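**Student:** Just passing along the structure, written as structure tokens.
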Amino acid sequence: MLVSVIIFLREVLEASLLISIFLAISYQLGLSRKWIFYGMGIGLLGAIFSASYMSEISSLFDGTGQEITNALYLISMVILIILICIACSPLLNTLKVDMVPLYGKLFYNLLSATISIAICHEGSELSIYSYGFINTHDSTLALVTGGLLGLGIGASIGALIYYILIGLNIIKLYRAAISILLLIAAGMISQATLYLMQSDWLPGQKPLWDTSHLISENSLIGQLLYALIGYEATPYPLQVILYLSVIFIGVTAILIYKQQKQLNCHV
């Protein structure tokens, strides 16, 4: 049962963090939060579709279809998260959110798209685990119990993050949200890199280090760090390079966009 708790927590926590951060941003912007229903609805439909055609998807690309699909999910979310961070950046210098008419529709679409892909990705991963568990165990009680516990813990952590964020003033909220989102995006590109290495689309490498004796990836702390910053006990050089590159690209894009907006305001 403990394994089921950890697996469900790991998959749910990433989506839960995204949802809590996006809800906090929407709250501060005064946006309608209907995007969450559209995003979750589309994501659940996508997850059901992926689960229904699991064997067909897995057989693609010489048997690495599932890995490639997961990598595409993650890369898509990285791009969307960076766009959300860029869209948030002009708000960092103002205490008044006077850009809601401009950013409302943009945020609505970006948030909905990101959540739908996140739900689809996590749902398909949980479907694969559940399918394998059912085929190798006589009882599904441990799966159901562990799954519910994992879902509950993940949702509770997401709710805690949400209430912490909305308790901040608007500038601190955006700074905290952008920082967390960039770390999550960097973790996602690291995961995508691993999937592409497993499918031989990227060359294999030797790990740079091994911190499993300090923090195990299978521990609760390890799973929390995995969801928040993409923690890997044995990362490969390419993972570290791309991880840092996403943070650098995200920060650079935000600074350039902020500077451009400021120049436009003075013209």
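The values are calculated or read from the model by the stated rules, or taken from the named source; none is laboratory data. This is a predicted model, so every value here is computed, not measured. Don't worry about glycine lacking a Cβ; one is built from the backbone with ideal geometry, like all the others, and counts go over all protein chains shown.
**Student:** Kindly indicate whether any position in the range 191-211 is more than 30 Å from residue 32 (Cα to Cα), over 19 Å from the mean Cα position of the chain (by Cα), modelled with pLDDT under 85 and charged (D, E, K, R).
**Tutor:** So far as the range 191-211 goes, no, none of its residues is more than 30 Å from residue 32 (Cα to Cα), over 19 Å from the mean Cα position of the chain (by Cα), modelled with pLDDT under 85 and charged (D, E, K, R).
**Student:** For the condition farther than 24 Å from residue 26 by Cβ, outside any helix (DSSP H, G or I), without any contact (Cβ under 8 Å) to a residue 40 or more places away in the chain and among the β-branched types (Val, Ile, Thr), what is the one hit in 252, 211?
**Tutor:** Exactly one residue qualifies, and that residue is 211.
**Student:** Is it the case that the range 189-208 has a residue that's among the small types (Gly, Ala, Ser) and either in contact with a Lys or Arg (Cβ under 6 Å, 6 or more places away or on another chain) or in a helix (DSSP H, G or I) (or both)?
**Tutor:** Checked the range 189-208: at least one residue is among the small types (Gly, Ala, Ser) and either in contact with a Lys or Arg (Cβ under 6 Å, 6 or more places away or on another chain) or in a helix (DSSP H, G or I) (or both).
**Student:** Which one of the conditions (1) part of a loop (DSSP other than H, G, I, E, B); (2) farther than 17 Å from residue 125 by Cβ does residue 217 fail to meet, given that it meets all the rest?
**Tutor:** Here residue 217 meets the rest and fails (2).
**Student:** If you scan the range 149-168, which residues turn out to be more than 21 Å from residue 221 (Cβ to Cβ) and without any contact (Cβ under 8 Å) to a residue 40 or more places away in the chain?
**Tutor:** If the condition is that a residue be more than 21 Å from residue 221 (Cβ to Cβ) and without any contact (Cβ under 8 Å) to a residue 40 or more places away in the chain, then 163, 167, 168 are the ones that fit.
**Student:** Quick one: would you say residue 262 is modelled with pLDDT under 80 and either in a helix (DSSP H, G or I) or more than 20 Å from residue 84 (Cβ to Cβ) (or both)?
**Tutor:** yes
**Student:** Would you be able to tell me the number of residues in the range 58-67 that are touching a helix residue (DSSP H, G or I) at 6+ places or on another chain (Cβ under 9 Å) and either at pLDDT 95 or above or surrounded by fewer than 17 Cβ atoms within 10 Å (Cβ to Cβ) (or both)?
**Tutor:** Total meeting the criteria: 4.
**Student:** Just checking, which of 171, 221, 189 is surrounded by fewer than 16 Cβ atoms within 10 Å (Cβ to Cβ), of a type in the set (A, V, I, L, M) and either free of Cβ contacts under 8 Å to residues at least 24 places away in the same chain or touching a Phe, Trp or Tyr at 6+ places or on another chain (Cβ under 9 Å) (or both)?
**Tutor:** Just a single option satisfies the conditions, and that option is 221.
**Student:** Another question about this same structure. Yes or no: the range 36-55 includes at least one residue that is at pLDDT below 90, outside any helix (DSSP H, G or I) and either farther than 28 Å from residue 169 by Cβ or under 15 Å from the mean Cα position of the chain (by Cα) (or both).
**Tutor:** So far as the range 36-55 goes, yes, one or more of its residues are at pLDDT below 90, outside any helix (DSSP H, G or I) and either farther than 28 Å from residue 169 by Cβ or under 15 Å from the mean Cα position of the chain (by Cα) (or both).
**Student:** State yes or no: is residue 226 in a loop (DSSP other than H, G, I, E, B), of a type in the set (Phe, Trp, Tyr) and buried (at least 16 other Cβ atoms within 10 Å of the Cβ)?
**Tutor:** Considered against the rule, which asks whether it is in a loop (DSSP other than H, G, I, E, B), of a type in the set (Phe, Trp, Tyr) and buried (at least 16 other Cβ atoms within 10 Å of the Cβ), residue 226 comes out as no.
**Student:** How many of the residues in the range 21-37 are aliphatic (A, V, I, L, M) and farther than 10 Å from residue 166 by Cβ?
**Tutor:** The qualifying residues number 4.
**Student:** Okay, moving on. Cβ contacts < 7 Å: first residue modelled with pLDDT of 85 or more, restricted to the range 1-29; second residue surrounded by 21 or more Cβ atoms within 10 Å (Cβ to Cβ) and not in a helix (DSSP H, G or I), any location; separation 6+ or different chain. Result?
**Tutor:** none
**Student:** Report yes if residue 91 is surrounded by 15 or more Cβ atoms within 10 Å (Cβ to Cβ), of a type in the set (A, V, I, L, M) and modelled with pLDDT of 80 or more, otherwise no.
**Tutor:** It is false that residue 91 is surrounded by 15 or more Cβ atoms within 10 Å (Cβ to Cβ), of a type in the set (A, V, I, L, M) and modelled with pLDDT of 80 or more.
**Student:** Tell me the residue from 155, 142, 159, 186 that is part of a helix (DSSP H, G or I) and under 30 Å from residue 249 (Cβ atoms), please.
**Tutor:** 186
**Student:** Mind checking whether some residue in the range 67-82 is more than 23 Å from residue 22 (Cβ to Cβ) and either free of Cβ contacts under 8 Å to residues at least 60 places away in the same chain or of a type in the set (Ser, Thr, Tyr) (or both)?
**Tutor:** Yes.
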